Amino acid sequence: MPLWTLFGLRRGRATTTWPGPGGDDGQAGVLGMPRFDPARCAPDCRACVDACLPGAIAPAPKEEGAHLRVDYGRCITCQLCVEACPTGAFTPSNDWAFGVRRREDLVWAEATTSDAAQQLKGTIRAVFGRSLHVRHVDAGSCNGCESELQALNNPFYNLHRLGVFFTPSPRFADLLLVTGPVTYAMREPLLETYGAMPEPRWVMAAGTCAVSGGVSGGGYACAQGLEGLMPVDVYLPGCPPNPAALIHALLMLLERAAQHVQGGRLGD
Amino acid sequence: MNGTLMHDVGAGELAATCEKMLRDGGRMQMAYAWFPEPGGPAELRYLAAPGARQPFALWRCRPNGAVVPSLASFSPLLGWYEREMADLCGVNFEGHPEPYPLVLHEGAQAAIPPLDPRYPRAQALVFQSAPWRLPEIESRDVQLLPFGPVRADVFESAQFLFFYIGEGILHFHPRLFFKHRGMEQRFAGLTPESGTVLAERVSAVGSVAHALAYCQALETAADCVVPLRARWLRVLLAEMERLYNHLHYLGHLCHTTTLKVGEAEGKLLEERVKQMNAGLTGSRFLRGALVPGGLRRDLNTAGLGAALETLAGEFTDYVDKLERTNSHLDRLITTGVLTRKTAFDQGAAGPVERASGLDRDMRRDHPYAAYDEVAPVVALREKGDAYARAQVRVAEVEASLDVIRRVLSGLPEGGVRAPCVAPASSEGLGWSESPRGSLYYAVHIDASGRLARVKIKSPSFSNWRVFPFTVHDSNMMDYAINEASFGLTIAGCDR
């Protein structure tokens, strides 16, 4: 019989020190939300609008002034807009830490708003200290979000070190973490799980499908994610959000990390 | 349909045609329905594989109001396809042994079948959950345990019902399709390019396999020749996908046998491959690389070979330890036996069927991409238990590493994308051997060059049908191990 414990010890430390200073987030090369620079848009150009499957890029209503409305809550990071754009208005980026507390922060805006809304409810720290118990519900995902959520407990990310745990029972859960566009058959189990959670409780829409429906929302079987279904405290678009993006959003909920995105882009 | 030998079969001749195919050693692959004329009747398609290296046989049946017989009593694996056609396309089959809804849950109401083009694209089903059929098992000692659809830990949603006495499972009933997203309908009306992005999102851990089968279906329809370099790089992508899936599988299997360090090691190796994937394509799931006609851009493979050699050494050491861990092996050997006959009849796919002695692999038997030049060694085991299924995966990791070595050393130079425009009203069949087995995309283009109908046959749809046969008469303590040994996804099955 092999000595597994000895083997594990010999393999040494596999866990990153991220998000501590100088730690490796493990996402080298991962493409995130393309950056948008409306100043580079050609007048009346619709190339990106036509290329965008989930409708994250749409002609803006006249009163908004800008040429296009870019909603990162619908972005699936497919990079087709980058390829379609003839003028470089969309450029590839590694911006994946897209967790926000207000849905409107995912929509590109010229001016960013005040930070008053950045405080969650101001109470989570007082209620839970630094720890968090999470109940995950798959409401019809493609399994990408689950694959990355499962990765959180691999030795590289080792989520437990941050005091965040998945719990089987909604009765013990502080956070409902929802993935998927919410299929007709999962709507009821999802609402029952939410109903079984004690208050105070928080909700995270993880992945573009849960935020807005993504590419699978609508149609005969799916809703538009959590839109109109329950209050959401943290929105994390991504297709899927990578494990580091999930960790950042969880720490943001716990007020242990700052929100990076406002007005649809990473702060300076 | 391009890529197949197609002929018309009348509804009355279906049974005899199917019987002959089976008698001659062939096997049914899938069946689906579509509506060639908007507002017109459904047309049925049956796909069969007469044998390795022979073209697929495709039967087109236009019932024109005639009664369509169920073929499930000849070829049991067709049972689910027929029920799916009944739910989504409104086709009724006479004499079906299990005449119940499958894909749509009881209580889901649609005035028009959802895949009928007349169904309003954005209209949600009316749904009020209603009672559904279970086998009637009554005895004082028999208990019923419903588990799910929200399960412990981070799992995909599905409900499992166990009829059990003490530790013994009398009957197991998986209630699936909670995650049915209507993905096939989401393709309708899209441009072929957009469809690739959607195909990548049917089952994330099969993103490459799905996009590849989809692209190849369009390339067949368009008569497009994919540049050589792109075909080789497609093999690289497909094998990288197999690597991280199988490593996850081995780690998860250790989780179920409570071999903690073994679990950590498997999942760490998986993570390393996902990080390599990101360096290769910008996506940990290898998304955004494929397009009908080749690849969206060339891939930078610098450093990949060396990283994989390190991983290969660690993998050998890992597997060597697993093979000497009795507590792990004891839980796998003789657990969840799938006989060769059940595997064949019920439609087992991929490593699951290869662990039960069925020597089939699309990469070798119906080569695509560059598999005719870099063919893998196909792993085969006979016993059909959880251990055999794990052994097949281990051998496939080694075979994948070998294929990748050959791809990296022999990668031809040149462009990676050819124009690919599928003509109006054309159709094509594409396939791939995903990490979980045979995957088909049947693609129909409408008169305006957009997608009219896309049928997806995923390996997990096949293997979920098979899995319960290994659970009946087993015991509760082995259930999680047995389920893990199948390596199923639910997103792929439910679509």
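The values are calculated or read from the model by the stated rules, or taken from the named source; none is laboratory data. All figures in this text were calculated on a predicted structure; none of them were measured in a lab. Note that we place each Cβ from the backbone using ideal geometry, even for glycine, and neighbour counts take in every protein chain shown.
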Next on the checklist: Looking for something within 30 Å of A:Leu159 (Cβ to Cβ), basic (Lys, Arg), at the interface with chain A (Cβ under 10 Å from one of its Cβ atoms) and not in a strand (DSSP E or B) - is there at least one such residue anywhere in the range B:108-122?
Outcome noted: no
Checklist entry - If we keep just the residues of the range A:49-96 that are aliphatic (A, V, I, L, M), within 22 Å of A:Ala210 (Cβ to Cβ) and away from every other protein chain (no Cβ under 14 Å), which is farthest from the chain's Cα centre (by Cα)? => result A:Ala58
Next on the checklist: Condition check: surrounded by 24 or more Cβ atoms within 10 Å (Cβ to Cβ) and more than 10 Å from chain B (Cβ to nearest Cβ). Does A:Ala205 satisfy that?
Outcome noted: yes
Checklist entry - Is it the case that the range A:178-188 has a residue that's surrounded by 15 or more Cβ atoms within 10 Å (Cβ to Cβ) and more than 14 Å from B:Pro149 (Cβ to Cβ)? => result yes
Checklist entry - Which residue out of B:Ala312, B:Ala278 is in a helix (DSSP H, G or I), surrounded by 15 or more Cβ atoms within 10 Å (Cβ to Cβ) and either within 11 Å of another protein chain (Cβ to nearest Cβ) or among the basic types (Lys, Arg) (or both)? => result B:Ala278
Checklist entry - Does the range B:219-230 contain any residue that is under 20 Å from B:Tyr368 (Cα atoms), surrounded by 20 or more Cβ atoms within 10 Å (Cβ to Cβ), of a type in the set (Val, Ile, Thr) and more than 21 Å from the chain's Cα centre (by Cα)? => result yes
Checklist outcome for this item: Scanning the range A:101-127 for residues that are surrounded by 17 or more Cβ atoms within 10 Å (Cβ to Cβ) and modelled with pLDDT under 70, the one nearest to the chain's Cα centre (by Cα) turns out to be A:Leu120
Checklist entry - For B:Pro435, are the conditions met, namely being touching a residue at least 40 places away in the same chain (Cβ under 8 Å) and more than 30 Å from B:Val392 (Cα to Cα)? => result no
Checklist entry - Given the residues B:Arg23, B:Arg27, B:Arg45, B:Arg62, which is the only one that is surrounded by fewer than 21 Cβ atoms within 10 Å (Cβ to Cβ), within 21 Å of the chain's Cα centre (by Cα) and charged (D, E, K, R)? => result B:Arg27
Next on the checklist: Condition first: at pLDDT 95 or above and out of contact with any Phe, Trp or Tyr (no Cβ under 7 Å at 6 or more places or on another chain). Now tell me which residues in the range B:37-47 satisfy that.
Outcome noted: B:Leu44
Checklist entry - If you take the residues of the range A:215-229 that are buried (at least 21 other Cβ atoms within 10 Å of the Cβ), at negative phi and outside any strand (DSSP E or B), which of them is farthest from the other protein chains (Cβ to nearest Cβ)? => result A:Leu226
Item to check | the range A:133-179: number of residues that are more than 7 Å from every other protein chain (Cβ to nearest Cβ) and under 24 Å from B:His246 (Cβ atoms) | outcome: 8
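Results for (1) part of a strand (DSSP E or B); (2) over 25 Å from the mean Cα position of the chain (by Cα); (3) farther than 20 Å from B:Phe177 by Cα, shown as yes or no for each residue.
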site: B:Ser425; (1), (2), (3): no, yes, yes
site: B:Tyr440; (1), (2), (3): yes, no, no
site: B:Phe461; (1), (2), (3): no, no, no
site: B:Val466; (1), (2), (3): no, no, no
site: B:Asn482; (1), (2), (3): no, no, yes
Checklist entry - Got a sec? Which of B:Phe147, B:Phe172 is surrounded by 12 or more Cβ atoms within 10 Å (Cβ to Cβ) and in contact (Cβ under 8 Å) with a residue 24 or more places away in the chain? => result B:Phe172
Checklist entry - Going through the range A:180-202 one residue at a time, which ones are among the hydroxyl-bearing types (Ser, Thr, Tyr), within 9 Å of chain B (Cβ to nearest Cβ) and within 20 Å of the chain's Cα centre (by Cα)? => result A:Thr183
Item to check | Close pairs from the range A:1-22: first away from chain B (no Cβ under 11 Å), partner acidic (Asp, Glu) and surrounded by 15 or more Cβ atoms within 10 Å (Cβ to Cβ), Cβ under 6 Å, at least 6 apart | outcome: A:Trp18/A:Asp25
Next on the checklist: With the structure loaded, tell me whether A:Arg130 is more than 12 Å from every other protein chain (Cβ to nearest Cβ), at pLDDT below 95, outside any strand (DSSP E or B) and closer than 28 Å to B:Tyr249 by Cα or whether it fails that test.
Outcome noted: no
Item to check | Hits in the range B:315-340 - residues which are within 11 Å of chain A (Cβ to nearest Cβ), part of a helix (DSSP H, G or I), in contact (Cβ under 8 Å) with a residue 12 or more places away in the chain and closer than 30 Å to B:Asp473 by Cβ | outcome: B:Leu322, B:Ser327, B:His328, B:Leu329
Next on the checklist: I'd like to verify a number: residues in the range B:121-168 that are of a type in the set (Gly, Ala, Ser), over 26 Å from the mean Cα position of the chain (by Cα) and closer than 26 Å to A:Pro168 by Cα, how many?
Outcome noted: 3
